[in-house]
Structure formats: structure tokens, C-alpha cells
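The values are calculated or read from the model by the stated rules, or taken from the named source; none is laboratory data. Source: prediction; values computed, not measured. Positions of Cβ are backbone-derived with ideal geometry, glycine not excepted, and every protein chain shown enters the neighbour counts. Heads up: the accessible areas ignore ligands, DNA and RNA and are worked out on the full protein's heavy atoms, side chains in. Shrake-Rupley method; radii C 1.70, N 1.55, O 1.52, S 1.80 Å.
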Amino acid sequence: MIMPLLQGLKITFLHMFKKPVTLQYPKERPVVVPNYRGLHALKVSHEQAKCVACYLCPTVCPAKCITVEAGEDAKHDKYAARYEIDLLRCIFCGYCVEACPVDALKMTQEFELANYKREDFVFVKERLLEKK
Amino acid sequence: MVNLTIDDTQVTVPKDATIFDAAKAAGIRIPILCHDKKLQPFGGCRMCLVEVEQMKGRQIPACTTPVTEGMIVRTTTDEIVKARKLVLELLLLKHPIDCPVCDAAGDCDLQNLTYEYKVNLNRFQDEKFQHQIDYENPLIERDMNRCIHCGKCARICDEIVSYGAYTFMNRGIEAKIGTEFDGPLNCEFCGSCVSVCPVGALISRPFKFKARWWALNKVKSVCSYCGTGCQLTLGVKDGKVLTTIYDENQGFHNGQLCTRGRFGYQFVNSDKRLATPLIRKNGVLQQASWDEALTLVAAKLAEAKNAGGKAVAGLVTARLTNEELFLFKKLFKDGLGSDNIDHSAGYAHAALTAGAMESFGTVASPAAISDIQASDLLLVVKTDAYETHPVLGFEINLGVKRKEIDLRIISDKRGKLAKLPKAVTYVHKPGQEVALVNALAQVILAENLQDATATGIEGFEALKQQLADYAPENVAATCGLDADAIKNLARDYAKAAKALIILPLGLGYPGHGKALAQAIANLTLLTGKVGKEGCGVLYLGEKNNSQGAADLGVYPTAGGADADAIMTGCLNGSIKTLIVAGENPVVSYPDRKRVEAALDKVEFLVVQDLFLTETAAKAHVVLPACSFAEKGGTYTSVGRAVQRINQAIKPVGEARSDFAILNGLVASLTGSAPYADVAAVFAEIAATVPAYAGLSLAELGDTGAILPVTIKPRFVPAGAAVIPVESGKLALVTGSALYHCGTMSRFGEGPMHVCPEGYVELGRDDARALSVKEGDTVVVKSASGELKLKAKVGTRMPQGVVFAPYHFGEASVNSIAAGAAVTWVSISK
Ligand code: SF4
Ligand code: SF4
Ligand code: SF4
Ligand code: SF4
Ligand code: SF4
Ligand code: FES
């Protein structure tokens, strides 16, 4: 009867001398692995989003949370006049990144996505542009 | 029939079939890039290679090789797959492969075959093409870097459209599809080339980058412009019609469309569409609720009903569905007790409802579209048949070029049809059609060329007597033709084993009314050329449902006022309430001033329309209606084809279909329960209109049905109206421009990109005499008014005759033309 209790206390006692596993977030930051699938970013090249609005990511997205609308620029080329991801619906599967034929999309280590309003979870193109 | 074996399957096919056709019949797919069932075999791409045992395993193209008895064909062997891969590798060698930004992706034959044959790598290397892309023309973007040289665009433009905008130019690796002087494309913009291009070399500019092919919902429907009744497929996404999609298996025309059908769909989602009902309060139209608007309309109509129905009238467009037209008629007949209804200004359908009715005992054409190709000689009245009904023009082109059908044209102008091989055009003075056709009949009688049956037809003697005045020698001078030429034409027509007459109708053609229809009917009856295959008359009703409107009797049938009398009634105050559904009389009816005065005068004007048209702007109540893409129903087109349209999108804004509006009004005025749905009204049409007997909406399916017709022939002498000649003036004739149909196409971007405004077309000689150049603004002055129009100079118009299309609201030609076949005008700079 008394033995199990003592054994439990022993474990507790030993832990007092071990390094704690609890991360003191937000004072302490976690190490995020490089292939972590966090917030999306639209890659930028030559001061422009690389996305050519091919619609492959909205086509492949299982959560149907990407909205792309193509536009024609002054040089008659195609670009994403509208690019939005509704992160409330996103399941962070990363298919969109895989589908992109021009490597215009990536997923970052950014995981702090909490917000107060539903609208704020819709990331429009400007919010998604990669921050250098 | 020929028997052969393809991949161990026995097939029996007609002896003019190719291996490709035979394989198709056996359900075996052979990949193709340059072949199209509508075009002559070409054999340019070598994608369709197959092996024939008798040819010692040599690889031959399936699309050009005719079948022979006992052939043993293999369509897929390792060798063939290797050869096809090689073809693809070579095609991809200089191809940009920019599928992510290419609108063809998803519907691209090259992409699909590359995927199917797993061509991941290319053994060869070369630089890509650097051709300049044609962004200049309004509707078709041409990126020759993506072209695979299948030649389909050049072939369809030549074989079917007969325009010939493209040709191969340069040689070897430099070869490309070029246009006139390698400049921007400038053609009819029918879009046939875009539809057959297997890759993304030719794409539709209005649809560029709008959506991906796989994201589009495809809804089958029928074009809502002209009476040809082309079937089309709408590409829909997010509740918007974004494009029309080519389907080579649709309709008699194999998916071919004209520029209006293919590029004119934007009116459906135009931002000019009316979103809510409008009611005039304190002189201005203000937004209102449906309840308010409909209560007001119902109350006014109840008032009119109680006053006896004489003071209420209705004008309806022949663009509505059969079911809507039926309800419109019912609203007046049963709901209001009035017979004052009409459509298309009255004269535009008189050829059917008065002409054919009296001569043939039916309001429909005694011929079908299939008779065009089955005939030996086509007699087209006015080259304008091409402009009014372009896809029927394609049928004529095909018949003349492939089946060597003779083509005779009587017209007041030259035109595209006149350029076809074997076409003989008789250019007569404007307005002389009836005299000319009577002269033809006279020659037939005088030379004893009539059919044995003719004498037995009622009215023969009277006709004979009447025609005596129309001997070619008598009419030659007024018609501006040689008497011998008239005789030759009459002989050609009479001696052809099968001959079909084609008569376009429409608001632009006031001369094509009852008299002309009867003169033509007499000609067919005299020669016995009616009621047989390849014979008869094809009346080309102007609007998508002109034939339906005639069938359903949407015109006064019990002594009521016709369109002209309705205008008079409005002017003199005897008509106090007017319902206008879809018509735009201010622009399309003759004599704009008079129409405007009439509409200003009428006490209560209700307009149901998609847009705030010139007519709707005068209304007391405007009810926003639905376009063809937002409703279901049926249209009856040229040659009595009844076909279904299907709802593709939800109504725009608060719009309601004319069906819903009329169904409610009929119910409230007759006190009966409203019809459950479109099918219920169609069932009632089938029960009450003999031609539609036995049909049901469900059974019409995707293909539709051809209505039966029985003819009770009678000769009705048709007198030619005397056209007063004013010397020193030019004869103005009105009509349709190729890019427009009625006044609705003005709300489609496509047609407006190519033909944005009205114009007056002059012949070279007249232009030189007036020192007018192409593009100059000229003042056209008639007895009833004057107009400023852009001048167009060409070879189409003979000396002394000028042409103006009627579709446009600004500078509308009806402000100088008052409904005569010919308006005399003077033109100055
Ligand atoms: S990660 Fe997955 S769910 Fe999220 S946007 Fe990309 S494809 Fe859609
Ligand atoms: S897949 Fe890439 S290029 Fe295509 S739309 Fe998405 S992000 Fe843009
Ligand atoms: S034409 Fe076909 S293969 Fe070529 S870029 Fe376009 S979609 Fe890709
Ligand atoms: S433009 Fe298109 S249709 Fe014409 S040859 Fe090239 S690939 Fe063929
Ligand atoms: S406008 Fe007439 S010819 Fe052109 S596509 Fe429509 S129905 Fe066919
Ligand atoms: S499809 Fe037969 S050669 Fe092109």
C-alpha cells in the first residue's frame, strides 16, 4: 500500500533535478523544423509574385479554400489579380505547394495564426506575399 | 459496304469511310490532331498512324486511308506507340509548353496526348519559336508559337466559312499560319478557327484567362440570337456565363456558330442588366419591389379588362420561349379579352403568317434545313441571307462547294454568297423582288415549263392572267435587269430537278412581306417544287423564336390591331395600356418619331426587358426579365426545329423570367391557378397547336424535333408595289449587319468590339462622286429626317444604292426610314 506511493514520490523528486520540458511560450520560442507546414507564402521574384494564376492549387486543394482570379497585365501576361486562402478551412496538407508548376508557393514556419475575427483568417494576396 | 477487321473487331462500314471512321464505328479510338469530321481529310500530323497487315506492316495514317475489303488493321503496337511518341516529341520541340498560362490547358489535344503517351523527355533540342503574338484584333488572340500546323483553322475558314483568312506561309521550320500580309487578323470573327484549334494557338480574347476549362459547368442550350437555332454549350462558373464551348456533336451544324452566337453571350451578365423593377414616380423611374410593381400592373390590367379589352395592347419579341409566348397570347385572349397583340413590327413575320398561310395553308416553311444540302439549285433572295443567318450561310457554302449545288441569287446588292463558285447573282433595283419573281413565273408559264400538277391548283387561271403583265420585257427596265437574264434564271430554276428558295425575313427587310412570300410560293407551286426533298421555300425568321411566334399565333387573329395599328391606337388615344415584352420598337420599328410619340402618349406602358432600353426608358413600370441562360423552355427555329433551352445560371439580380411574370398575371386576371411549370405549358401547346401534337418537353431531349407540315396549296396573285423613283437621290435599303441580330447584340461585348456603331455603306462609284472616304462622317437625309453616320465604302453596293444596318440605338436608321422597302436619301459630307 505504501510502496507505490513512495515510488510515485520518487519520480516526482527526481524530476526536480531534470531540465523542464514545458516551453515557456510566448517568452520562449520553439524550434520549428524546416519542412513544417505553416502559413503559406507567395514567392516573389523580380519584385513580382511568381504565381501565374494557373488555377492548379485551387483545383487540387481538398478543402477548396483557395480563390484565384487571373488578370491580364500590360504585357498581356497572366497574373493573379486575386489570390486568397481561407485558413479556417485549410488543412495544411501542402498539396497546393506540390501542385504549383512554377514553384510560386511555399509553406512557412509561421504557425501563430490565431485571430479575433473570422475575416482575419482570409489571407489575401498582399498578406501572403513572401516577406524577405 | 466494306468489311474489315480492326484490332480483332469485325466492322462493316460504307465504302467511302476511312480507317479512322471505321475504327470510330467500332468504338476504337485512334488519336488525332489534324483531323476533323467536318473537314476534308488532311493527313498532316501523323498522329493517327496504324498498321495494315496487307501493307506489310507499313504505318499509314488512318484519317486519310480509305477502307478496303478484308483489311486487317492494328491501331496500337509497340512500333506505332513509338512512332506517335516521336511525333509528339517533334511537336514539343519548338512548342513553348506554357500550359500554366495557356487557356487551352485541360482541353488541349497536344497536352492530353503528351500525357497519354508519357512523353516526359525530349531526345531533341532546339530554340523555341519567337513569333509575334497577335493581340491587335478584337476577338481572337493568335499565338503562333503554340501552333502545331494542323491546318484546321485555315481549312475550316476556307471550306465551311468560305472566308479564307489564313494560309500556310514560309517553308520548312519557318512555316507558320499567316494572315493577309501577315498582319493582325481581320475577318468575320465567327470563331470557327478558335473552336477547332486543337491547342492554345487561337483563343477567345473575351474569355482570356477568365476560367479554366475543367472548372466550367457545361450547359447545353440554343442560341438566342437569330432563327437558325444553333445549339450551343454555355460555359458557366460562379453563376456567370463566361463563354460558349465548342461541341462538334451538337446540332445540324456540328457545333459551328457565328460571331454572335460564339462571342455575343456577354449580355447575360452585363452590368447594364436591370436588377429590380422600376416604377415611374414624379416622372422618374425609381426602384421598387416586385410586389408593388406587379400589384400596380395587375390593377391597371384589371381596369383595362373591365373596360372591354379594346384599349389594351401587347407587343412581344419573338425572342421569348414558346411557353412564354403562349402565356402572352393567353393573357390577352383569356385574361384581357383583347386581340391587339403582335411582334416584330407586324411586317417581319407577315411572310409566314399571311403569305405562307394563304399560299400553303400553313405558317411554317414547307422545307427544313436539311433540304439545303439535298437540293440541286438554291435560289437565295438577297445575299443578306448570309448576314441574317450566318450558320445557314455555312450550309449554303458547304452545299455549293462540296455537293456542287447550283446557286442563284437575286439581290439588291452583291455580297459574300455571290462570291461562291457557280453563284450567279442577279443584282436588281431595290424593292423590285416581287416584280422579278413574278417575271420568273411568267417565263415559266410562257415557255410551258410548269409542272403538270400546277393547273390543278386553285387559282391557276387568275395567276396566269395576273402574270401576263409581268413579261420579262415589261419588268426588265424597272428591275434593272436584262430580259434574257430573267429568262435564263427562270429556266434554270424550272429545269433543276430539285430547287429550294431561301428568303430571309426581319425588321430590316420591310419588302420581305406577304406579297414577296406569295410570289415565291407561286413560283414553287407552278414548277411543282414544294413538298419534296430538296425543294420548297425556307423562310428564315429573324429571331430565335420567330417560327414559334408564328406557330402560336402571336399576332391578331380575330380582327385586332397589328403592330402598326397599335402605334396608331396609342397616338389617337384609343389604346391606353400597352405591354411591351422584350421588343424595342423605338429602335427597331419603322419611323422612330412616330413610335416615340405613340409611346409617350400611351397612358400606361409596361416594359419587360433585360435592359433599360430606349423603349423601357419611356415606361411607367419596368419589369426586369431573364435572359435565355436563366430559364428553361423551347424555341422553334427555321425549318420548324423545336429545341430546348436549359437554365444555366440563377436569375441575375431580382430578375424574373417572362414565364414567371406572365404566369402570375394570367392567373390573377383569369382567376385560374397558375401553371405548375414550363412542362405544363408545353403540354398545353402540344394539346392545342396541331403541329406540336404528341410532343412533350421531356421527350425533346438534347436534339429536339422537326415539326410536321402539311401544305394546302393555292395560287394567290401577288402584285408588285410601285417603288417611286426620285431622281438624283440614292436608294437606302436597311438590313442586318453580320455581327448583330436585332437590338440585343448591342449588349454583348463581342459584337460591339467588331461593329460598335451604325454606318452607311456606299459603293465605290457613289463614294467617289460624293468624294466620301471610308470612315468619313456623312449626313444622310430623307423626307422624314436626317442622320449622321460613318461611311463604309466597298464593292458590295451597286451604284445608286446604299445600305444601313438597323440595330443601333444612337443614330438609329429608323429615324430616317419609315418602313418602305426603299427610302430615298441624299448624302452629303
Ligand atoms: S495546404 Fe492543402 S488545404 Fe491548405 S490551401 Fe493548400 S491544398 Fe488547400
Ligand atoms: S499553382 Fe502556383 S502558379 Fe498556379 S495559381 Fe497556384 S500559386 Fe499560382
Ligand atoms: S497549347 Fe496545349 S500543350 Fe501548348 S501550352 Fe497550351 S495547353 Fe500546353
Ligand atoms: S493555329 Fe491552331 S488550328 Fe491553326 S494550324 Fe495552328 S494549331 Fe492548327
Ligand atoms: S446568331 Fe444565328 S447563326 Fe449565329 S450562332 Fe446564333 S443561331 Fe446560329
Ligand atoms: S489525324 Fe491523321 S494525319 Fe493528323
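Below are the figures for this structure:
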| read-out | value |
| --- | --- |
| Estimated FRET transfer efficiency (A:V44, B:Q125; beta-carbon r; R0 45 Å; 0.05) | 0.90 |
| Relative contact order (%) - chain B, alpha-carbon pairs under 8 angstrom, separation at least six | 14 percent |
| Alpha carbon Rg of chain B, scaled by the compact-globule rule 2.2 N^0.38 Å | 0.99 |
| Chain lengthening between B:E53 and B:T568 when straightened (0.36 nm per residue, less Cα-Cα) | 177.5 nm |
| Gyration tensor verdict on the stretch B:350-540 (Cα atoms; rounded if a/c is under 1.5, prolate if a/b is larger than b/c, oblate otherwise) | rounded |
| Global size of the stretch A:30-128 as Cα Rg and Dmax, reported in angstrom | 13.5, 45 |
| Positive-pole candidate from B:C187, B:Y739, B:A215, dipole of the protein assembly as shown, charges at beta carbon | B:A215 |
| Coarse-grained scattering of the stretch B:697-760 at q = 0.16, 0.17, 0.20 Å⁻¹, given as base-10 log I(q)/I(0) from a Debye sum over alpha-carbon atoms | -0.91, -0.90, -0.89 |
| Summed side-chain charge close to A:E112 - residues other than A:E112 whose Cβ falls under 15 Å, Lys, Arg +1, Asp, Glu -1 | +2 |
| Per-residue SASA entry for B:V606, accessible area with 1.4 Å probe, Å² rounded to 10 | 0 Å² |
| Residue order for B:Y347, A:Y116 - accessible surface, 1.4 angstrom probe, largest first | A:Y116, B:Y347 |
| Under the span-like rule (Cα at least 20 Å along the axis, Kyte-Doolittle mean at least 0.5), DSSP H helices of chain B | B:78-93 |
| Positive-pole candidate from B:M357, B:T425, B:G758, dipole of chain B, charges at beta carbon | B:G758 |
| Principal axis box of the protein assembly as shown, alpha-carbon based, largest edge first, Å | 130, 83, 61 |
| For the protein assembly as shown: accessible area per residue (Å², 1.4 Å) | 42 Å² |
| Trypsin sites (Lys or Arg not before Pro) within the stretch A:58-94, DSSP loop, no more than 14 other Cβ atoms inside 10 Å | A:K64, A:K75, A:R89 |
| B:T453 paired with B:A680, simple spin-label distance in nm, labels 7 Å along Cα-to-beta-carbon | 4.4 nm |
| Point-charge dipole on Cβ atoms (K/R +1, D/E -1) for the protein assembly as shown, about Cα centre, debye to 20 | 2060 debye |
| Mean projected area in nm² (Cα convex hull; one quarter of hull surface) for the stretch B:730-828 | 5.7 nm² |
| Net length gained if the chain between B:S826 and B:E461 were fully extended (0.36 nm per residue, minus Cα distance) | 127.0 nm |
| The stretch B:536-672: C-alpha gyration tensor shape, a/c 1.5 cut-off, then a/b vs b/c | oblate |
| Efficiency of FRET from Cβ geometry, B:A617 and B:T777, R₀ 25 Å, rounded to 0.05 | 0.45 |
| Contour minus Cα-Cα distance for B:A477 and B:S696 (0.36 nm per residue) | 73.5 nm |
| Folded to 0 to 90 degrees: helix A:2-15 orientation relative to chain A principal axis, Cα | 50 degrees |
| Cβ charges +1 (Lys, Arg) and -1 (Asp, Glu), total dipole of the stretch B:381-483, debye | 680 debye |
| In Å², nearest 10: area of B:M357 left accessible to a 1.4 Å probe | 90 Å² |
| B:F124 accessible area, 1.4 Å probe, all protein chains in place, Å² to nearest 10 | 70 Å² |
| Accessible area that becomes buried as A packs against B, both chains, 1.4 Å probe, Å², nearest 100 | 1000 Å² |
| Residues in the stretch B:801-829 reached by a label modelled at B:D469 [backbone nitrogen below 19 Å; 7 Å Cα→Cβ] | B:821 |
| The stretch B:2-76, relative contact order [Cα under 8 Å, separation at least 6], % | 40 percent |
| Estimated inter-spin distance, A:D86 and B:Q799, nm [label 7 Å along Cα→Cβ] | 7.2 nm |
| Counting DSSP beta bridges with both ends in chain B, the antiparallel % (nearest 5) | 55 percent |
| Solvent-accessible surface ranking, highest first, for B:R58, B:R84, B:R714 at 1.4 angstrom | B:R58, B:R714, B:R84 |
| Whole-percent carbon and sulfur share, accessible surface of chain B, 1.4 Å | 51 percent |
| Share, in percent, of DSSP beta bridges within the protein assembly as shown that are antiparallel, nearest 5 | 60 percent |
| FRET efficiency estimate (nearest 0.05) - Cβ-Cβ, A:V60 to A:R118, R0 22 angstrom | 0.35 |
| Contact order relative to length of chain A, as percent, for alpha carbon pairs under 8 angstrom and 6 or more apart | 29 percent |
| In nm, spacing of pseudo-spin labels at B:E248 and A:K19 (7 Å Cα→C-beta vector) | 7.0 nm |
| Most positive-pole-ward Cα, B:I203, B:L695, B:N572, against dipole of the protein assembly as shown from beta carbon charges | B:I203 |
| Size of electric dipole in the stretch B:730-828: Cβ of Lys, Arg +1 and of Asp, Glu -1, about Cα centre, debye, nearest 20 | 120 debye |
| Cα centroid separation, the stretch A:79-124 to the stretch B:457-499 (Å) | 78 Å |
| Exposure rank, largest accessible area first [A:S45, B:S270; 1.4 Å] | A:S45, B:S270 |
| Alpha-carbon radius of gyration plus Dmax, which is the widest Cα pair, for the stretch B:2-76 in Å | 11.0, 31 |
| The stretch B:398-443 shape via C-alpha gyration tensor axes, a/c threshold 1.5 | oblate |
| The stretch B:108-124 residues near the modelled B:L93 label - backbone nitrogen below 12 Å, point 7 Å along Cα→Cβ | B:123-124 |
| Helix-only mean residue ellipticity at 222 nm for chain B, each DSSP H run of n ≥ 4 adding -39500 (n - 2.57), per residue, nearest 500 | -7500 deg cm²/dmol |
